[in-house]
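S.K.: Can you keep this structure in mind? I'll have questions shortly.
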Amino acid sequence: MCGRAMKANAVRWRVDCLVNQPVAWAERRKTPLMTNSASSSSRYYLTTPIYYVNARPHLGHAYSTIVCDALARRKRALGIETWFLTGTDEHGQKIERSAEKAGRTPEEFATAISGEFSGLWKRLGLTNDDFIRTTEERHKRGTQRLFAELRDKGFIYKGSYTGQYCVSDELYVDGPPGTVCPDCGRVTETVSEENYFFKLSAFERKLLEFYEANPGFMGPESTRREVVSFVRGGLRDLSVSRTSFSWGIPVPGDEKHVIYVWLDALANYITALGYGSDDPAERARFEKFWPADLHLIGKEISRFHCVYWPAFLMAAGIPLPRSVQANGWLLFDQGKMSKSRGNIVRAETVQEVLGADALRYFLLREIPFGQDGSFSFEALVQRYNSDLANGYGNLVSRVVNMVHKYFGGTVPNAGAETAAEAALRESAVRAIAAFGPAFDELNFSDALKALWVLVAETDGYLTAKAPWKRPVDRPEAEHVALQARVLATAAEAIRIITALVYPILPESAAKVWRQLGQGEIQEAVKQGFLLELSWGGLQAGTRFGEPAPLFPRAEKDAVERMQAIEEQNSLSVIEAASTCGAASSGFAAKTASSELSAPAAESAEKGAIMSEISETQNSWDNSPVDSVGVEAEDEALAYETVSKAAELPAAPQVPAQLAPPQVAAPQVVAEPQYISIDDVIKVDLRVAQILVAERIPKADKLLRLEVDLGYEKRQILAGIAQYYEPEKLVGRKIIIVANLAPRKMRGLESNGMLLAASLEGGAPVLAGFLEDVPLGARLK
Ligand code: MSP
């Protein structure tokens, strides 16, 4: 974004090209991440970034939220009073314009997408204590209070800006009227705007001193270096209000201004706790939990969190957060996963096929925190099978089944320890010692590696002792004693593994906890069970629970199934007009259905809206305004539903016949979901004939079809390239959904959707007729 600059009467915005250079984000962290753990012992407050409501959540968003959830769970299990906040960032020109394009009010638009986020977090079982929407009254009140505080203390003053502006890129551009935007080449508009400015320049030295005195404040190291060099390069005052649009929080006392969306968004971390509230209970929560122990953020928004936010807080006289840590990006198909790039994967897809725990495990094990990490279905399935199905899951299943088989489900007395048991005990002690510090430094990958050493050693111990096999020369009594010793010892190791892995695999750990006869793990969490975790907690005589499947082995088709779900999702678009009401009520529907099973909840969400997102804002870009969808420019806003959601059971689905009997997939019987005749007639199904069918470069799954409806010809993109040779489709009569809202994929517009039967493994079979049917005939 070099060349981006803003002129102001009182303020001159200087573009610092240096800080906008690409940085080696993916470099390995040189120093461990610190979370300033010494600073808080009895309570812990952590936050995710609040997500823009331009598009439905994808894995990139889920990543930060899952990391925070795992941290929050461990803190609670250590007996620490924890407050975990997430939410949605709903104001600003970007959202206002997206809503306008979609023909919705910003409120409707934001409500629907925000509901997608909160609904997904619920379905994934995330344990956020609060979910803030920046459109809520409590946030508005608190943000205005913060603004007023800054102004009253003399850190905000009025200035004005006149210059060139690129509406498409939301970019202030240097030059005379008629200048073209350096980014997109469009002719800029001349704008003249009165703004309030924050005296950021006054905080340059204070910030540098603060960073110096608090080396653990921000990380990883690459982020720290970037931030320090940015501040050293000189800080200019920051525009903190806008007048050219209205979708924001009004500046108190000067309501034609709305507060700059980043000041508004950052304030969520305190307004959600009760800052600015008149309610003593809420203020007490603020006093109790602020300052935050950890703001977990994406690496591209570090400037906002490590420069602007501390400066605002210093100016307002509010203590600074203890730590800001940046995660790297989740990459898919080589690029940052983002809706505008069209390379997203949804968390729901992984949850549907392998379960939420598999996703959590993969993200935390596979990606060293702070670095970019590639996501692929193949790597996910491989990791799932090797570590969860064949590793931990299989170990639990073997031991629990043998305790049932040989000891009627009661933990036997281990008797005297031999060298082998002592070695396993020591290994467990090492795992406990290694896991905690690594995890607390956000080094989840190493924590899990250390724990899986114990999984492997327990497995090896079991195999070496082979309690299921009695050599002919071993007396019966001796064999029973060996079985007792080995199974009690292995079960204790599993108890340790399960307790430690609980924050990462909460659902599975809960199941194993019951199987080990330990009751509900939530109860143990309430007792702060991790604090006292040590070898020897499993008592002889404990009654085991029934064995239950944990991680059914995923067969090869798991990858294809996830791909097919994603493909289907990206192809499914519904008629915009018919969802208008549903869209605006989407949030309410989700809130009400939050306790429902996943399919029911998803089904309640049908009609929720979705748009393309722009995630291109570079935090080192010096523009004083919030950026608008620069990448999404050619992508039409579309209303979409998760078409398959209602058909899919919540539990992980692995073909039952492929799973070993002891780990068969649980049967989930979905309630029938009825629709009315009115719903049916909304869908305009028509007979069409394929005139042209061809592959699309670099899109393995898509075919471009030109179809004739008799009354018109149109283009449809269909995800059938892997199953149909294009040449064989020409001339074929098919059925299409003719009133689907148009959608762009790979830069091409698709006008409709083919109907096909979806077979096991995702292969579609196109619907058609035996008799000849005229083109354009409607199916009723
Ligand atoms: N609304 C701002 C944050 C305000 S916080 C006061 C924002 N929103 S965002 O929706 O664009 O991004 C939210 C978070 O999601 C960021 O931390 C961002 O890094 C993260 N991710 C979005 N896509 C991502 C990946 N592909 N990978 C990892 N995280 C990514 O910025």
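The values are calculated or read from the model by the stated rules, or taken from the named source; none is laboratory data. Quick caveat: nothing in here was measured; it's all calculated off a predicted structure. In this analysis, Cβ positions are derived from the backbone assuming ideal geometry, glycine residues included, and neighbour counts consider all displayed protein chains.
S.K.: Can you go through ALA604, ALA600 and tell me which one is aliphatic (A, V, I, L, M), crowded, with 17+ Cβ neighbours inside 10 Å, modelled with pLDDT under 50 and touching an Asp or Glu at 6+ places or on another chain (Cβ under 9 Å)?
M.R.: Answer to the selection: ALA600.
S.K.: While we're here: Out of all the residues in the stretch 57-79, which are near the ligand (Cβ under 9 Å from one of its atoms), closer than 26 Å to LYS526 by Cα and out of contact with any helix residue (DSSP H, G or I) (no Cβ under 8 Å at 6 or more places or on another chain)?
M.R.: SER64
S.K.: Could you tell me whether ASN327 is without any contact (Cβ under 8 Å) to a residue 12 or more places away in the chain, under 26 Å from the mean Cα position of the chain (by Cα) and within 10 Å of the ligand (Cβ to nearest atom)?
M.R.: no
S.K.: Only one of ILE270, ILE249, ILE259 is within 12 Å of the ligand (Cβ to nearest atom) and of a type in the set (A, V, I, L, M, F, W, C). Can you tell me which?
M.R.: ILE270
S.K.: Taking the conditions exactly as written (within 37 Å of the chain's Cα centre (by Cα), within 22 Å of TRP513 (Cβ to Cβ) and surrounded by fewer than 18 Cβ atoms within 10 Å (Cβ to Cβ)), does VAL453 satisfy them or not?
M.R.: yes
S.K.: Related question: Taking the stretch 286-304 only, how many residues are more than 10 Å from the ligand (Cβ to nearest atom) and over 20 Å from VAL240 (Cβ atoms)?
M.R.: Adding up the residues that qualify gives 9.
Results for (1) in a strand (DSSP E or B); (2) surrounded by fewer than 21 Cβ atoms within 10 Å (Cβ to Cβ); (3) within 15 Å of the ligand (Cβ to nearest atom), shown as yes or no for each residue.
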position: SER277; (1), (2), (3): no, yes, no
position: ALA284; (1), (2), (3): no, yes, no
position: CYS306; (1), (2), (3): no, no, yes
position: LEU331; (1), (2), (3): yes, yes, yes
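S.K.: Which one is surrounded by the most Cβ atoms within 10 Å (Cβ to Cβ) among residues in the stretch 314-329 that are at negative phi and small (Gly, Ala, Ser)?
M.R.: ALA326
S.K.: Oh, and also: Taking HIS295 as the residue in question, decide whether it is in a strand (DSSP E or B) and either under 23 Å from the mean Cα position of the chain (by Cα) or surrounded by 20 or more Cβ atoms within 10 Å (Cβ to Cβ) (or both).
M.R.: Yes; evaluated as a whole, the condition is true for this residue.
S.K.: Considering the stretch 309-323 alone, what residues qualify as being away from the ligand (no atom under 11 Å from the Cβ) and touching a residue at least 40 places away in the same chain (Cβ under 8 Å)?
M.R.: Listed by number, the residues that qualify are PRO310, ALA311, PHE312, MET314, ALA315, ALA316, GLY317, ILE318, LEU320, PRO321, ARG322, SER323.
S.K.: Still on this structure: Select from the stretch 419-433 the residues that are of a type in the set (A, V, I, L, M, F, W, C) and either crowded, with 19+ Cβ neighbours inside 10 Å or in contact (Cβ under 8 Å) with a residue 40 or more places away in the chain (or both) and list them in ascending order.
M.R.: If the condition is that a residue be of a type in the set (A, V, I, L, M, F, W, C) and either crowded, with 19+ Cβ neighbours inside 10 Å or in contact (Cβ under 8 Å) with a residue 40 or more places away in the chain (or both), then ALA420, LEU424, ALA428, VAL429, ALA431, ILE432 are the ones that fit.
S.K.: Give the residue that is farthest from the ligand (Cβ to nearest atom), with candidates limited to residues of the stretch 338-365 that are crowded, with 21+ Cβ neighbours inside 10 Å and more than 22 Å from LEU448 (Cβ to Cβ).
M.R.: If we take residues in the stretch 338-365 being crowded, with 21+ Cβ neighbours inside 10 Å and more than 22 Å from LEU448 (Cβ to Cβ), then GLU352 is farthest from the ligand (Cβ to nearest atom).
S.K.: Follow-up. Would you confirm whether any residue within the stretch 719-730 is assigned to a strand (DSSP E or B), out of contact with any helix residue (DSSP H, G or I) (no Cβ under 8 Å at 6 or more places or on another chain) and surrounded by 14 or more Cβ atoms within 10 Å (Cβ to Cβ)?
M.R.: Checked the stretch 719-730: no residue is assigned to a strand (DSSP E or B), out of contact with any helix residue (DSSP H, G or I) (no Cβ under 8 Å at 6 or more places or on another chain) and surrounded by 14 or more Cβ atoms within 10 Å (Cβ to Cβ).
S.K.: Tally time: how many residues in the stretch 757-780 are over 29 Å from the mean Cα position of the chain (by Cα), within 30 Å of ALA554 (Cβ to Cβ) and at pLDDT below 85?
M.R.: 4
S.K.: I need the full set of residues from the stretch 370-413 which are surrounded by fewer than 20 Cβ atoms within 10 Å (Cβ to Cβ), among the aliphatic types (A, V, I, L, M) and more than 30 Å from HIS58 (Cβ to Cβ), in order please.
M.R.: MET402
S.K.: Taking the stretch 340-395, which residues are assigned to a helix (DSSP H, G or I) and in contact with a strand residue (DSSP E or B) (Cβ under 9 Å, 6 or more places away or on another chain)?
M.R.: Listed by number, the residues that qualify are ARG341, LEU363, GLU366.
S.K.: Let me ask something else about it. Consider GLU226 carefully, then state whether it is within 16 Å of the ligand (Cβ to nearest atom), crowded, with 17+ Cβ neighbours inside 10 Å and either under 30 Å from the mean Cα position of the chain (by Cα) or not in a loop (DSSP other than H, G, I, E, B) (or both).
M.R.: Taking the combined requirement at face value, the residue satisfies it.
S.K.: Before we move on, is THR135 within 15 Å of the ligand (Cβ to nearest atom), outside any helix (DSSP H, G or I) and farther than 29 Å from LEU331 by Cα?
M.R.: yes
S.K.: Here's a follow-up. Quick one: TRP262 ticks every box in (1) more than 30 Å from PRO368 (Cβ to Cβ); (2) in contact (Cβ under 8 Å) with a residue 60 or more places away in the chain bar one, so which box is it?
M.R.: So the condition that TRP262 fails would be (1).
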